[in-house]
Every structure is written in C-alpha cells, then in structure tokens.
C-alpha cells in the first residue's frame with residue numbers, strides 16, 4: 001500500500017452507509033483517466049455492509 005502503513009486502516013466513503021468507513025482487504029489499483037492517464041486508487045469492501053468501495057489517491 002503506497003503511502004499507508006500496514007497497521008493504518010484505509011478510510012473511504014461508503015455510498016450505502018452514507019458515512020466514512022474503514023476498508024477491508026484494501027489494495028491499490030490503476031484506473032483509466034482522461035487522456036489515457038493512469039489514476040491511482042484504493043479499492044476494498046466496507047467493513048460494515050460489504051459494499052465495494054473506491055478511494056482515488058493523489059499523485060506519487
């Protein structure tokens with residue numbers, strides 16, 4: 001996990017819960033951006049309801 005330490009939980013907004021929640025099984029992915037640019041993001045599941053979550057990260 002880039003920029004995050006193993007013991008630090010990743011938080012993202014859960015659309016279903018309508019609140020910020022801790023992500024379970026977070027992993028970094030590359031998404032397609034405008035103009036063919038790669039955008040970094042974290043994906044995982046909501047710790048409470050199990051909904052898939054995304055968090056777009058800043059540049060390296």
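Bear in mind these aren't lab numbers, they're just calculated from the coordinates by the rules spelled out. Predicted, not measured: the structure shown is a model, and the values here were computed from it. Here the Cβ is made from the backbone with ideal geometry for all residues, glycine too, and neighbour counts use every protein chain on show.
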### Whole-number percent relative contact order across the chain, with pairs defined as alpha carbons under 8 Å at least 6 apart
28
### Task
With a point put 7 Å past each Cα toward its Cβ, work out how far residue 16 is from residue 56 in nm, to one decimal.
2.3
### Message
For semi-axes √(5λ) of the Cα gyration tensor in Å, pick the label among (i) 29, 12, 4; (ii) 19, 14, 10; (iii) 21, 14, 8 that corresponds to the value derived from the coordinates.
### Response
(iii)
